[in-house]
Amino acid sequence: MTRIWITPLMAGVIAGGLVSCGGGGGATAVQAPPAARTTGFAVPTEVSPVSTGAVQVQSARFRPALAQGAALRAMAAADPGTDYSNAQTVRFVSEHAIDQFSIIETILNAVSQTHYADAENIGAGPYKSIVSWQQNNGDGQSKTVQTWIVDSSIIQEAGHDVNLVNAWIEDSGRVIRAQFKISASAAQAADGSYLDYGVWTLEVKFDQAGSQYFVAQASIGASGEAVVAINEYQQGGGNNTFQTTQAVMHKSATAGYGMVFYPDQSDNSTVQTTASYVYNASQLLVHHMLPAPSRKTWQDRTASVEIASQYGLYDSVTGADVMTSHSFGFPVLFTLDGVDQYGYYGANQGADQVWINGGALIPDGTAVTRQDQGASGASYLTASFNGTLAKRTYIAGTIGDLLNIPVQTFVNIQKQLTYTGGQWTEDGAAFTDFGSLASQPQKWVWINGWASGQPLTLCYDPLGASGPGFYPASMNNGSMMPVPGGARYAPVEGDQLWVNIGGSIYIEYKGVDAGWVRKSVASFNQTNWTPTFDPNGDTPFTLGLGTQYSISNQGGNFVVTQTALSPAAYSVQMEVQAPVNPVNVADVIGTAVVFKPQNYDAVQSSTYRFISDPAAANGLKLVYLTVGAQDAKASPAPNVGDVVSQGQYSLEAFDGQNQDLGLQYDWNYPSSGNTMGIQTFLYTAAGTGRAYHLLDNPIQLAPLDLTVNGSPRTLSLQFDGWMHGLPDYSSDLAMDDYTITSAISDKIINIPAGTPVTDQVDPSKSYLIKPLRIGVYLPVAASPDLSLDLTAADGLDLNDPAVIPGFVDNGLGAEPSVSVVKYSDGVKVQ
């Protein structure tokens, strides 16, 4: 396991770092022993190596685009004691190069879900808790489910109360044994940042022998600074070698330093990385020591940029967290291949799924038991449906929403090329954009032709052995990418080619003068669904006049149509999708009978219809109503009634009288080895049918009008535990080496605490938004602060046991036998 994908769990800490007090000579009064402590100590929910600072002053250039919501009104929601007022906003500095402490944050967030510090659990014996393990993986997040058996008590060490928490964690057929000793709670400032991280040790062993472990330790230094150290040794990486991660921080509001040593796997290859750092009130200096060459970067702490990454939604009258009254998901237990496993029944913007470790699809008919209702948890069966049809609705946006942001657009383009006069032509004009015919990751191009009375299957290879051109293509490589082979095709007068382009391409709007460019994808990371672009591969791209382009930017979906050429004018709409499920078919489909692609051609284009039989295997499916000439040339060619096995986007709906209904739909279908586009639902038998248990739909919020950088901006938001509809700039940060720039910061939208919003479906309901996690990003300093001294940081000896704690076996024995679940996802099971 590695820092990037460490298995849902943690590791161990040496029992040390506890604060003790000494006394001098002389007589002392005899005092009664203090009352026994009835509650435990709190651990922090954020651990980062650099302080957010005592005062944050943000420069005009790097100021984030703050949403100007209405001020929080005097209402009961903000009264003391409500969920809204109790919810804490955590602020932390995000610095990728030295962020090796995030795993501790993940661990501590997990242990807090067990309520180990509650009075009712202190000394009450072991109990079971279902824990959601959430961590960052590259540019995305993963969520898995674990079973923890926890035993919490108060013991005495060196005359002080210590909250001893023993935990047995079930993980992929093994039991991980963890022990926490907490003797002082973390201290938090009014702005949500931590003044210190308290005093605690954490020691975890991944195997019974303790040959793989994780150790973490927090203490308070002589000057009141937070001191945190970690030591990890476990198997990980593609070659399953053993790897070590060590790190130490000394942190206060105005100054700090530290060093990190870890195997970096961010680029699908392991590179040993070492960095030291030091900061003062104005700047952060990072010394990148390995890999070579050594380099230093200075970042400005007085010009920070804030990005809110997580929000809560609360009833505007009572202040109640909507998560307590809505079912957006719950953990389930099932048996697969004779092994008990945990999964999570959740929804992704309205599409229900059962997520299990490894991302596999759970077989149809699998019996699952709900794990957040204790011993009386309901039982269900599973049913999956390949393909998801979703109706699209829109709200107005602006082209500025997409400026300088690489975005993904799904394409379904057909071309007919004719070789005449020694060149290829399209619609009588010379065709020159051969680069658009080259396949690349996530974009597939099929080329069929007819020459000398024989069919052709070709692909365009810009790097072919005989130069750029068309080559015979083979599809025998187990993927959707055509493989060129043989001699370059030499066309003759009258030859014709039919081109089908599917999948997705990446484009970027560069402004009024530069227009659009097409990005060249050098590689694609399937883990976090992030492309890497060829920095020299941009080529001009022209939007088809009047053609709608579906554009995705991780958190916001848009439909862009160029309405005029000179000057260029665009219609931009933000998109919200309503997926079909076994219960809402009639509402979503309505009177739609026939679905046609955009730019429908009566001869070339196929048409489709939707079949609904929720009680049948794969009973929600889009099938061919007619097969057009283009699809008829495919090998094998589809037949009427066959399921449409490729994604279709911007389909237009018509009724039984062939009247355009003015509605559009997307058909998402899973590619080979991919589960995206598959919905999985839970149901119980109801006579000869099924009674489906659907999760609550995301809360669709009415359009939220904001002012961003002095300009009006309207957002269409959905909430299902995560706020959807806000741009996610993590991929942009990754492409800029995680350095905040004005191009990124000028587009950031942070919704202030107390912003009121209204329910789109039920306008009588209103809510308040509150940011829960705010990352603080530091831009490159205009000029380096040469007074920053790396002597203390570079002098840290990571082999010194006084700096890095060693592993001490916690001695935990067999897992206690506990059957009843007491907490699930941090909520007490009723």
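The values are calculated or read from the model by the stated rules, or taken from the named source; none is laboratory data. Bear in mind the structure is a predicted one, so any value in this text is a computation, not a measurement. Note that we place each Cβ from the backbone using ideal geometry, even for glycine, and neighbour counts take in every protein chain shown.
Of all the listed residues (Y233, Y279), the sole one being under 30 Å from G198 (Cα atoms), more than 29 Å from the chain's Cα centre (by Cα) and in the same structural domain as V199 (by TED's automatic domain parsing) is Y279. Just one of (1) surrounded by 24 or more Cβ atoms within 10 Å (Cβ to Cβ); (2) charged (D, E, K, R); (3) over 18 Å from V43 (Cβ atoms) fails for E203. It is (3). Restricting attention to segment 392-450 and to residues that are among the small types (G, A, S), touching a Phe, Trp or Tyr at 6+ places or on another chain (Cβ under 9 Å) and at pLDDT 85 or above, the residue that is nearest to S520 (Cα to Cα) turns out to be A430. Between G813, G754, the distinction of being of a type in the set (G, A, S) and closer than 27 Å to N697 by Cβ belongs to G754 only. H693 meets the conditions (1) modelled with pLDDT of 90 or more; (2) in the same structural domain as Y608 (by TED's automatic domain parsing); (3) surrounded by 14 or more Cβ atoms within 10 Å (Cβ to Cβ) in every case but one. The failed one is (2). Just so you know, in segment 287-312 the residues that are β-branched (V, I, T) and more than 27 Å from the chain's Cα centre (by Cα) include one that is surrounded by the most Cβ atoms within 10 Å (Cβ to Cβ), and it is T297.
Suppose we keep only residues that are out of contact with any Pro (no Cβ under 9 Å at 6 or more places or on another chain) and farther than 29 Å from P712 by Cα within segment 389-413. Which one would you say is surrounded by the fewest Cβ atoms within 10 Å (Cβ to Cβ)? Result: I413.
Scanning segment 368-383 for residues that are at pLDDT 90 or above and either crowded, with 20+ Cβ neighbours inside 10 Å or assigned by TED's automatic domain parsing to the domain that holds T147 (or both) gives V368, Y380, T382, A383. Every residue in segment 533-581 that is surrounded by 12 or more Cβ atoms within 10 Å (Cβ to Cβ), within 28 Å of the chain's Cα centre (by Cα) and more than 22 Å from Q664 (Cβ to Cβ), please. Matches in segment 533-581: F533, D534, G537, D538. For segment 606-623, a residue qualifies if it is under 19 Å from P363 (Cα atoms) and buried (at least 18 other Cβ atoms within 10 Å of the Cβ), and the qualifying residues are P614, L620, K621.
Taking the condition of being among the hydroxyl-bearing types (S, T, Y), part of a loop (DSSP other than H, G, I, E, B) and modelled with pLDDT under 90, how many residues in segment 156-194 meet it? Break it down into steps so the answer makes sense when it comes.
Filtering segment 156-194 for residues among the hydroxyl-bearing types (S, T, Y) gives 172, 183, 185, 193-194.
Now restrict to residues that are part of a loop (DSSP other than H, G, I, E, B): 172, 185, 193.
The next check asks that each one be modelled with pLDDT under 90; those that pass are 172, 193.
Within segment 156-194, residues that are among the hydroxyl-bearing types (S, T, Y), part of a loop (DSSP other than H, G, I, E, B) and modelled with pLDDT under 90 number 2.
Against the criterion of being on the phi > 0 side of the Ramachandran plot and either among the charged types (D, E, K, R) or out of contact with any Lys or Arg (no Cβ under 6 Å at 6 or more places or on another chain) (or both), D732 does not qualify. Test A124 against the criterion of being of a type in the set (G, A, S), modelled with pLDDT of 90 or more and not in a strand (DSSP E or B), and give yes or no. Answer is yes for this residue. Residue-level analysis places V50 outside the set of residues that are of a type outside the set (G, A, S), under 26 Å from M249 (Cβ atoms), modelled with pLDDT under 85 and in a loop (DSSP other than H, G, I, E, B).
Would you mind finding the one in D732, D737 that is surrounded by fewer than 17 Cβ atoms within 10 Å (Cβ to Cβ) and under 19 Å from the mean Cα position of the chain (by Cα)?
Working: D732 fails: surrounded by fewer than 17 Cβ atoms within 10 Å (Cβ to Cβ).
Exactly one residue qualifies, and that residue is D737.
Scanning segment 172-207 for residues that are in contact (Cβ under 8 Å) with a residue 60 or more places away in the chain, of a type outside the set (K, R) and farther than 28 Å from R773 by Cα gives S172, G173, V175, I176, F206. Being touching a Leu at 6+ places or on another chain (Cβ under 7 Å), outside any loop (DSSP other than H, G, I, E, B) and among the small types (G, A, S) is a condition met by no residue of segment 589-611.
Please find, within segment 642-664, the residue that is modelled with the highest pLDDT out of those that are on the phi > 0 side of the Ramachandran plot and among the small types (G, A, S). Give the derivation first.
Step one: of segment 642-664, the residues on the phi > 0 side of the Ramachandran plot are 650, 658, 662.
Add one more test, that the residue is among the small types (G, A, S), and what stays is 650, 662.
Numbers: S650: 84, G662: 92.
Here the residue is G662.
Does G754 satisfy the condition of being touching a residue at least 60 places away in the same chain (Cβ under 8 Å), closer than 21 Å to G619 by Cα and of a type outside the set (D, E, K, R)? So G754 fails the test.
Filtering segment 279-338 to residues that are in a loop (DSSP other than H, G, I, E, B) and over 30 Å from Q373 (Cβ atoms) leaves N280, A281, S282, P291, A292, P293, S294, R301, T302, A303, S304. Where helices (runs of 4 or more DSSP H) fall wholly inside segment 712-830, no range has 1 or more residues that are in contact with a His (Cβ under 8 Å, 6 or more places away or on another chain), at pLDDT 95 or above and more than 30 Å from W200 (Cα to Cα).
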